[in-house]
Amino acid sequence: MKYLHLIWAALFRRKLRTFLTLVSIVTAFLLFGLLDAVRVSFDQVGQSANGAQRLQTGAKLSFIQLLPMSLGGRITQIDGVKDTTFANWFGGAYQKPENQVFSFAVAPNYLDIYPEMEVSAEHRKAFAETKDGALVGEGLARRFGWKVGDQVPMQSTIFPDRNGSQNWPFKIVGLIHVSDKKAGAWFDQMFLLNWKYFDDTTPWNQGQVGWYVTRVTDVNQADRVAKAIDAISTNSAHETRTLTEQAATAAWVKQLADINLIVTSIMGAVFFTLLLLAGNTMMQAVRERTSEIAVLKTLGFSGQSVLAMVLAEAVLLLVIGGCVGLGLASIVGPAVGAASNGALNLPAAGAASWAVGVALMLVFGLLVGALPALNAMRLNITDALAGRA
């Protein structure tokens, strides 16, 4: 553009104001990039399972619906299944309901399916032989000051025992060491109890299973195995949905909250505020340059040229700030995921996110620049130079 130097000079005429506006735009698009990464991570349900070593099978209707124990044997007979285990959600809390703990009642072979969780042979043996024994993650043990041999009273926020009490006593018989640091934030905080003890103690389970976890022999056949598992219970009273572990977690959270609605609402509020802020900046910038715009028109610039330059200035402001913000989101998202040791999975902004982001930059630039650009195009030279505009 032959007028780019004029547009650039006008944009940075008030450097501090432009800088502060750019900070607001960068922040808005950084938030957009991170929230879009959250949305993408929760939209894994329905995608191919190929590449996954483990599959999770739960009730198709709701994650609180239990599955029959007999389903496990049928799953193991499917070609491509290496091993199968099962677990139930316990819903434990320590001392007070606010101290929620990731607690599960697990099958005897649960640890075999999760090699990331390293438990010594001695602790495994104690867990298998102790009815009310529990294995706890090293991070969880540090959090509450637990050690092997401690008696720990846990409150189940869901399941009472056969006497109606929700207080469950456990003996810590071993610690879980996490070898895969990428998954450390999850496994390091786990509290595992024996499924048989759980099933015998609460009248609400009665030999049923919360979900199954299947390990496949070939990750490239995981999608076929998932479909075969779900085909077992088609048109039955306990239809299932088999997903990758990440997709299963996303599906569980989406049953609790509408993630897309939450993300859209937050971004709507952020971008509405951004429009007001950037629009006010452009109005002030053009108002301060009334006499300069009049001089340009005197020198032969048409009203359409002035309109285009003001619009280009607004678009350039949004594009600079937006690209920096999305670029930062591409760095910050994966960095946050790495720092959380796998607790958060925020992918870098992909092509789709950039396409939507750039489109928003252009649209917002045109919107915030429309009114000041029209005013500049309609500016009367005589009134402007006389100070009446």
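Per-residue ellipticity at 222 nm from helix content only, as computed over the chain with -39500 (n - 2.57) for each DSSP H run of at least four residues, stands at -17000 deg cm²/dmol. Selection among Y94, L192, Y114 by position relative to the dipole of region 67-200 gives Y94 as farthest towards the positive end (Cβ unit charges, Cα centre). Residue order by solvent-accessible surface for R241, R287 is R287, R241, largest first, with ligands and nucleic acids left out and a 1.4 Å probe.
For W8, the accessible area of its heavy atoms, probed at 1.4 Å with every protein chain present, is near 130 square angstrom. Pick out the long, greasy-scoring helices in the chain: whole DSSP H runs spanning 30 Å or more along their own axis by Cα, mean Kyte-Doolittle at least -1.0. Helices meeting the criterion: 15-41, 259-288, 303-339, 351-377. For E122, what accessible area in Å² do you get when you roll a 1.4 Å probe over the heavy atoms of the protein chains, rounding to the nearest 10? Using a 1.4 Å probe on the heavy atoms, I get roughly 140 Å². Across L4, L276, L175, the residue with the most accessible area heads the list, and the full order at a 1.4 Å probe is L276, L4, L175. Excluding same-chain neighbours fewer than eight residues apart, the aspartates and glutamates reachable from K82 by a Cα-Cα span under 18 Å are D112, E116, D218, D223, D230, E245. What you get for region 97-195, charging only the Cβ of Lys and Arg (+1) and of Asp and Glu (-1), is a dipole of about 120 debye around the Cα centre.
Per-atom-type breakdown for the chain gives carbon and sulfur 61% of the accessible area (1.4 Å probe, protein chains only).
Each Lys and Arg Cβ is given +1 and each Asp and Glu Cβ -1; about its Cα centre, the chain then shows a dipole of about 1320 debye. Put the Cα centre of region 96-126 next to the Cα centre of region 294-315 and the gap is 69 Å. Kirkwood hydrodynamic radius of region 127-237, from the reciprocal of the average inverse Cα-Cα distance over all distinct pairs: 16.6 Å. Peptides 298-305, 164-171, 226-233, ordered by how many other C-beta atoms sit within 10 Å of their residues on average, highest first, read 226-233, 164-171, 298-305. Taking only the C-alpha atoms of region 1-151, the Rg (one decimal) and the largest Cα-Cα distance, Dmax (whole number), read 26.2, 81 Å. For D150, the amide hydrogen comes within under 5 Å of the amide hydrogens of I172, counting only partners 5 or more places away or on other chains and with H modelled in the peptide plane. The convex hull built on the alpha-carbon positions of the chain has an orientation-averaged projected area of 25.3 nm².
Each residue was assigned an accessible area with a 1.4 Å probe, and for D218 the value is about 60 Å². For region 215-334, the normalised intensity computed at q = 0.16 Å⁻¹ comes to -0.98 (log10 of I(q)/I(0), Debye sum over alpha carbons, equal scatterers, no solvent).
The values are calculated or read from the model by the stated rules, or taken from the named source; none is laboratory data. All of these numbers come straight from a predicted model, not from anything done at the bench. Here the Cβ is made from the backbone with ideal geometry for all residues, glycine too, and neighbour counts use every protein chain on show. Remember, those area values only see protein heavy atoms, side chains included, never the ligands or the DNA or RNA. Shrake-Rupley method; radii C 1.70, N 1.55, O 1.52, S 1.80 Å.
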